[in-house]
1. Could you list, in sequence order, all residues of the stretch 4-41 that are of a type in the set (K, R) and in a helix (DSSP H, G or I)?
2. Can you confirm whether A147 is under 20 Å from H42 (Cβ atoms), over 13 Å from the mean Cα position of the chain (by Cα) and not in a strand (DSSP E or B)?
3. Looking at A54, A49 in this structure, which one is under 30 Å from G162 (Cβ atoms), surrounded by 10 or more Cβ atoms within 10 Å (Cβ to Cβ) and either in contact with a Gly (Cβ under 8 Å, 6 or more places away or on another chain) or modelled with pLDDT under 75 (or both)?
4. Does N70 satisfy being part of a helix (DSSP H, G or I), assigned by TED's automatic domain parsing to the domain that holds E178, at pLDDT 80 or above and within 21 Å of the chain's Cα centre (by Cα)?
5. Restricting to the stretch 24-44, and then to whatever is at pLDDT below 70 and not charged (D, E, K, R), can you tell me which residue is surrounded by the most Cβ atoms within 10 Å (Cβ to Cβ)?
Amino acid sequence: MQTGTVARTGLLLFLTAGPLLVFLFLYFFGKNEFELDRYQVHSPSFPAAYQTKALLLLPSQHLITGTERNAFRNEANRVVKFVSGSAGSIKILRYGLGADTLADPVFDPIAAGYLELPLSLANLVTKDTLLSVINAKGERSEKVIPAPPRAFLFDETHNLRGIYGLTNSLSVDTLMLEYKILNQP
């Protein structure tokens with residue numbers, strides 16, 4: 001009878017201590033690393049003032065048609081609140097095609113700058129496109145970019161790291177998550 005009790009006690013200790021040992025091992029020796037896709041688009045033409053850890057380009061509100069304007073406003077406001085409430089170093093710029101002097105209430109809380117898009121990016125704003133992308137494992141593939149309006153996330157070396165649809169809350173959630181990953185110390 002004692003042998004059965006010892007066996008059960010040993011099994012119980014193993015079942016409770018096993019997960020704890022795995023947790024401790026991962027806590028002390030594990031490291032979380034995330035890598036974002038890299039699009040085959042590089043834009044060195046951003047001004048030197050925009051040398052930040054991340055550069056986010058959001059479209060100007062007046063470029064958005066009436067049917068999608070409300071969804072865009074909601075999602076753009078979420079992005080602006082998220083970025084202004086986070087501790088990272090990011091610049092939010094609104095973009096357009098040509099000179100823009102219109103006030104843009106979506107961006108008023110953070111006084112976002114305005115940038116005319118470089119020619120290398122202007123075609124990404126207006127049409128659906130397949131873009132070559134290198135994923136985290138180094139494999140090349142092609143990705144269909146979302147329909148306009150779009151947000152573009154660049155890293156500090158001006159490589160395009162993500163393109164996000166701004167009328168889709170799931171895409172905006174992905175943008176916020178990838179922004180956090182890009183701004184890790």
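1. Our first condition is that a residue be of a type in the set (K, R); within the stretch 4-41, this holds for 8, 31, 38.
Within the stretch 4-41, R8 is the sole residue that qualifies.
2. Numbers: under 20 Å from H42 (Cβ atoms): no; over 13 Å from the mean Cα position of the chain (by Cα): yes; not in a strand (DSSP E or B): yes.
Considered against the rule, which asks whether it is under 20 Å from H42 (Cβ atoms), over 13 Å from the mean Cα position of the chain (by Cα) and not in a strand (DSSP E or B), A147 comes out as no.
3. On the way: A49 fails: surrounded by 10 or more Cβ atoms within 10 Å (Cβ to Cβ).
Answer to the check: A54.
4. Details: part of a helix (DSSP H, G or I): yes; assigned by TED's automatic domain parsing to the domain that holds E178: yes; at pLDDT 80 or above: yes; within 21 Å of the chain's Cα centre (by Cα): no.
No.
5. If we filter the stretch 24-44 for residues that are at pLDDT below 70, which is where we start, we get 32-33, 44.
With not charged (D, E, K, R) added as a condition, the list becomes 32, 44.
Details: N32: 7, P44: 9.
The extreme case among them is P44.
Condition check ((1) at pLDDT 80 or above; (2) in a helix (DSSP H, G or I); (3) over 27 Å from N70 (Cβ atoms); (4) in contact with a Ser or Thr (Cβ under 9 Å, 6 or more places away or on another chain)) across all residues:
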{"site": "I92", "(1), (2), (3), (4)": "no, no, no, yes"}
{"site": "Y95", "(1), (2), (3), (4)": "no, no, no, yes"}
{"site": "T101", "(1), (2), (3), (4)": "no, no, no, no"}
{"site": "P109", "(1), (2), (3), (4)": "no, yes, no, yes"}
{"site": "A122", "(1), (2), (3), (4)": "no, yes, no, no"}
{"site": "V133", "(1), (2), (3), (4)": "yes, no, yes, yes"}
{"site": "L175", "(1), (2), (3), (4)": "yes, yes, no, no"}
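The values are calculated or read from the model by the stated rules, or taken from the named source; none is laboratory data. None of the values given here were measured: they were computed from a predicted structure. All Cβ positions, glycine included, derive from the backbone under ideal geometry; neighbour counts span all protein chains shown.
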